[in-house]
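Chemist: Following this message is one structure expressed as structure tokens.
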Amino acid sequence: MALNNYIKRDIVASLRNISLVKAKIADVMPVSQNMRLPDIRECAIFGTQPFECLMDAVINFPDETYTILINKQPVAMCGTAQYPDSKDNASVWMLGTNDIDKHYFVFLRGAKECINILQAEYKNIDNIVPVDHTKTIQWLQWCGFKFEEHIENHYGYDFLRFNRCNLFQSSIYNESSRPVMH
């Protein structure tokens, strides 16, 4: 058994009993086997299984895939995928377990900081969510995401596009420029 997968972790951020760590292959099974129904449904809409989706992220995007631990147990996996045509924009995602609901306040306490870490290198992160996933939509709004008004249709299901701008990356004051000579 790969006990080292749970003992020695690359902790990115930690607040009391919630941690954001670099994802490991060992995280895939516990998260995929205890996944929330809305997240299982979302995987199914796009023609994949939770295990396949998470394994693909860990293998193909190891530097951008993270696991959220509560009391050292994996409760969700998340990450970003940079858009090929823009180094400043990325798709953001998260798939969680039923344990998120059991530890909802702990999860909320660390959510915004987690999003800030995921977005650190990007001016904008976005993705889509099924219109009937109201709990997820409320959480995304609480985390500072904005929603577009029009509805997108994918594989016969209605989705809302959400995005979040990185104020620190997007500010004109952060862009390098020539000094002004007086």
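Chemist: Is there a residue being modelled with pLDDT of 90 or more, in contact with a strand residue (DSSP E or B) (Cβ under 8 Å, 6 or more places away or on another chain) and either among the β-branched types (V, I, T) or not in a strand (DSSP E or B) (or both) anywhere in segment 5-15?
Modeler: No: segment 5-15 contains no residue that is modelled with pLDDT of 90 or more, in contact with a strand residue (DSSP E or B) (Cβ under 8 Å, 6 or more places away or on another chain) and either among the β-branched types (V, I, T) or not in a strand (DSSP E or B) (or both).
Chemist: Residues to consider are I128, I137, I115; find the one that is β-branched (V, I, T) and within 22 Å of S14 (Cβ to Cβ).
Modeler: I115
Chemist: Here's a follow-up. For segment 128-149, give me the residue count where each residue is open to solvent by 100 Å² or more (accessible area, probe 1.4 Å) and either within 16 Å of R41 (Cβ to Cβ) or outside any helix (DSSP H, G or I) (or both).
Modeler: 3
Chemist: Can you pull out every residue in segment 73-85 that is closer than 9 Å to Y122 by Cβ and either open to solvent by less than 30 Å² (accessible area, probe 1.4 Å) or under 8 Å from the mean Cα position of the chain (by Cα) (or both)?
Modeler: The one that is closer than 9 Å to Y122 by Cβ and either open to solvent by less than 30 Å² (accessible area, probe 1.4 Å) or under 8 Å from the mean Cα position of the chain (by Cα) (or both): T80.
Chemist: Just wondering, is there one or more residues in segment 95-102 that are assigned to a helix (DSSP H, G or I), over 17 Å from N17 (Cα atoms) and touching a residue at least 40 places away in the same chain (Cβ under 8 Å)?
Modeler: no
Chemist: I would also like to ask the following. Give me the pairs: first residue in segment 13-24 and closer than 13 Å to H103 by Cβ, second residue outside any strand (DSSP E or B) and β-branched (V, I, T), beta-carbon distance under 8 Å, and six or more apart or on different chains, which are they?
Modeler: Here the result reads R16/V106; N17/V106; I18/V106, each pair linking segment 13-24 to a residue that is outside any strand (DSSP E or B) and β-branched (V, I, T).
The values are calculated or read from the model by the stated rules, or taken from the named source; none is laboratory data. Because the structure is a prediction, the values reported are computed rather than measured. Here Cβ is always computed from backbone atoms with ideal geometry, including for glycine, and neighbour counts include all displayed protein chains. Surface accessibility is based on the protein's heavy atoms, side chains included, excluding ligands, DNA and RNA. Shrake-Rupley method; radii C 1.70, N 1.55, O 1.52, S 1.80 Å.
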